[in-house]
Amino acid sequence: MDIKIFSGNSNKVLAGEIAQLIGAKLSKVEIIRFADSECRVRIQEDVEGKDVFIIQSLSNPVDENLMELLLLCDAVKRGEARKIIAVIPYHGYARQDRIHRPGECLSAHVVTKLIETVGFDKLVTVELHNEAILGFFDIPVTHLSGLSIFKPLVQKIKEDIVVITPDAGALKRSQKFSEGLDVPLALIEKKRDLDHMHKILSMKVVGNVKGKTAIIVDDVIVTGGTLLNAAHLLKQEGARQVIAAVTHADFVGGADKILQESPVDRIWVTDTISIPKEMRFSKLEVVSSSKLIAEALRKMIK
Ligand code: R5P
């Protein structure tokens, strides 16, 4: 096979599993940090004329992981690879996809330009916050739906199901999910406080959830605030149980503990972001995304 697969430090376990499923090994690379935190990357394999996949999630610490990705690409480009494919299981900055208030930057666009300028020829990514940012890219993008991973778990549920979209912006994703399962959809109207980070001002359920298993479908969990508030509301409205099916989990600020003690009964996430053992809790089920990603990469290998 004329390919090489490199991984940054953000999720080496997932990268290793993807490589194994393709029948390859992770290629050798040295990534060091100088005392002042600057990063240096040196690939230790010949990439000339090869198709090279670089796997890196842009999870917390986002900027460090982003820099590793960019430097890895530069090292590979200088080695005269034929094609360089960015495999970004979790795309950090994707949520900053629009300008909410005058004077704000457009971060998702800046990251797109960095990825393109450094020399990537193609991008493979999973469950973007908003598909609209695909329009920022001039290089081809394969956008995989992480939610498809949860379908077998949903199909085991025997009770009446209602899919919940936790805010209007996520409607398209939840609609696709509910249509695929042929179950109804309800909406939570969420209003954020744009002047205070992670603060939600109000939430309201639109639709019938009484006596049903409510499955909240979302792209990412960070503080857990969205799920916590949504679950309280859904239980108040009479939901029998509340399950969260969320592709990415980048827990911060004690989100693991908050969710364990919350009215959410079960939380399904994937491993696009590495979740350390100490942040795993009994309500949490982590489903692997390696097959989904490996399958997409396999299609690109000549
Ligand atoms: C927001 O628009 C996203 O889709 C997620 O709902 C949100 O980012 C989750 O963040 P948190 O867990 O901090 O509420």
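The values are calculated or read from the model by the stated rules, or taken from the named source; none is laboratory data. Quick caveat, the model's predicted, so the values are computed rather than measured. Every residue, glycine as well, gets a Cβ built from its backbone with ideal geometry; the counts of neighbours run over all protein chains shown. Each accessible area value is taken on the protein alone, full model and side chains, heavy atoms only, with ligands, DNA and RNA left out. Shrake-Rupley method; radii C 1.70, N 1.55, O 1.52, S 1.80 Å.
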What 222 nm value per residue comes from the helices of the chain, counting each DSSP H run with n ≥ 4 as -39,500 (n - 2.57) and dividing by all residues, nearest 500 deg cm²/dmol?
-> -8000 deg cm²/dmol
Which far-off residues, 5 or more places away or on another chain, put their amide H under 5 Å from the one on Lys4, with H placed in the peptide plane?
-> Asp51, Val52, Phe53
Regarding the range 116-206, what is the average projected area of its C-alpha convex hull, in nm²?
-> 8.2
Pick out which of Ser274, Ser27, Ser282 has the largest mean-square fluctuation in a Gaussian network model of the chain, springs linking Cα atoms closer than 10 Å.
-> Ser282
Straight-line reach from Lys25: which lysines have Cα under 25 Å away, leaving out those fewer than 8 places along the same chain?
-> Lys4, Lys12, Lys50, Lys77, Lys83, Lys122, Lys277, Lys291, Lys299, Lys302
In nm, give the distance between the simple-model label positions of Lys83 and Asp265, each being 7 Å from the Cα along the Cα-to-Cβ direction.
-> 4.6
Highest GNM mean-square fluctuation among Gly119, Gly180, Gly211, for the chain with Cα springs under 10 Å, belongs to Gly180
Name the residues whose placed amide hydrogens come within less than 5 Å of the amide hydrogen of Ile273, ignoring near sequence neighbours (fewer than 5 apart) on the same chain.
-> Ala249
Using 0.36 nm per residue of separation minus the Cα-Cα distance, give me the extension gain between Leu201 and Ile301 in nm, one decimal.
-> 31.2 nm
Show which lysines lie in cross-link reach of Lys212 when reach means a straight Cα distance below 26 angstrom and same-chain residues fewer than eight apart are skipped.
-> Lys151, Lys156, Lys158, Lys172, Lys176, Lys190, Lys191, Lys204, Lys235, Lys257, Lys283
Largest first and to the nearest Å, give the Cα extent of the range 147-270 along each principal axis.
-> 39, 27, 26
GNM top mover of Val252, Val87, Val269 - the chain, alpha-carbon springs below 10 Å = Val252
Provide, for q = 0.11 Å⁻¹, the log10 of I(q)/I(0) from a solvent-free Debye sum over equal Cα point scatterers in the chain.
-> -0.68
Between Lys12 and Glu48, 0.36 nm times their residue separation minus their Cα-Cα distance comes to what?
-> 10.6 nm
Residue-wise HN-Hα coupling along the range 131-141, computed from phi with Karplus coefficients 6.51, -1.76, 1.60 (Hz; x: Gly, Pro) | 4, 4, 6, 4, x, 6, 8, 9, 8, x, 10
Distance from a point 7 Å along Cα→Cβ of Glu104 to each backbone N in the range 191-228: keep the residues under 15 Å and list them by number.
-> 191-201
Cα gyration tensor, the range 41-109 - rounded (a/c under 1.5), prolate or oblate | prolate
Hz values of 3J(HN,Hα) by residue in the range 6-12 - Karplus curve (6.51, -1.76, 1.60), Gly and Pro given as x | 10, 10, x, 8, 5, 8, 5
Per residue of the range 180-191, in order, report the coupling 6.51 cos²θ - 1.76 cosθ + 1.60 (Karplus, θ = phi - 60°) as ³J(HN,Hα) in whole Hz, putting x for Gly and Pro.
-> x, 9, 6, 10, x, 10, 10, 10, 10, 7, 10, 10
Provide the per residue accessible area, probe 1.4 Å, for the chain, rounded to a whole number of square angstrom.
-> 48
